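This report concerns only the one structure given below.
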Amino acid sequence: MAPPVIDTEQSLRSTGGPAKMVRADQGVPLAAGGTLTATNVQDAIDQLAAVLSSPGGGGIGEAPTDGQLYGRQSSAWNVVPSGLSDAPSDGTTYGRKNATWVAASDGTVPENLQSANYTTVLADAGKFLYHPASDANARTFTIASNASVAYTIGTVISFNLSANALTIAIATDTMYLAGPGTTGSRTLAQYGCATALKVDTTTWIISGTGLT
């Protein structure tokens, strides 16, 4: 009986091609699901390397070496967004969207109840600001400027109240009233409801019922 063939380092590495897809000693592909032995373990390693480096085999090769931090997404390398500080610790669940923390949605719109004049913060993205009936005073809720709070374009903030008129102002950016396109602070009447949508870096548009 002939002794088993043991692949040598030289025979394994003398196989032609960029990836050693065949047995160096017999020229036979490693069978799918085959048992690894001393004679085929290097072949298995080589085939795995070939799969990971091939465009259609689930691999995408090495990340670009241009000094940026990359992560894999499907079959492409994408730049990882710049780092963020910890997510806000206000009891809301947050997730990362690009380079911003945004509240995770469970099908409801989170509430931020305010009984005093108020300027929005990053955590108000996707929330509704509520002026309760218990605060029988006219109040001003101000949308922060992009320079102080860089909301992601597409951010929405709603305003709802049950008593007294509410002034919805904007710090230094521009807020258009949907329809006529006039700018400046708006007044939301008692029991009114309005939503502001960020449509550009320093531009919002607001619409609603009871809004003038």
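The values are calculated or read from the model by the stated rules, or taken from the named source; none is laboratory data. These numbers were taken from a predicted model, which means no experiment stands behind them. Using ideal geometry, Cβ is built from the backbone for each residue, glycine included, and neighbour counts are taken over all protein chains shown.
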Practice task
For region 102-121, enumerate the residues that are at pLDDT below 90 and either of a type in the set (Lys, Arg) or assigned to a loop (DSSP other than H, G, I, E, B) (or both).
Solution key: Ala104, Ser105, Asp106, Gly107, Thr108, Val109, Pro110
Completion exercise
The number of residues in region 145-172 that are within 17 Å of Ala194 (Cβ to Cβ) and in a loop (DSSP other than H, G, I, E, B) is 6
Problem - Those residues of region 116-173 which are in contact with a helix residue (DSSP H, G or I) (Cβ under 8 Å, 6 or more places away or on another chain) and among the hydroxyl-bearing types (Ser, Thr, Tyr), in sequence order - result: Tyr151
Practice task
Could you check, for region 159-181, whether at least one of its residues is loosely packed, with under 15 Cβ neighbours inside 10 Å, touching a residue at least 40 places away in the same chain (Cβ under 8 Å) and not hydrophobic (A, V, I, L, M, F, W, C)?
Solution key: no
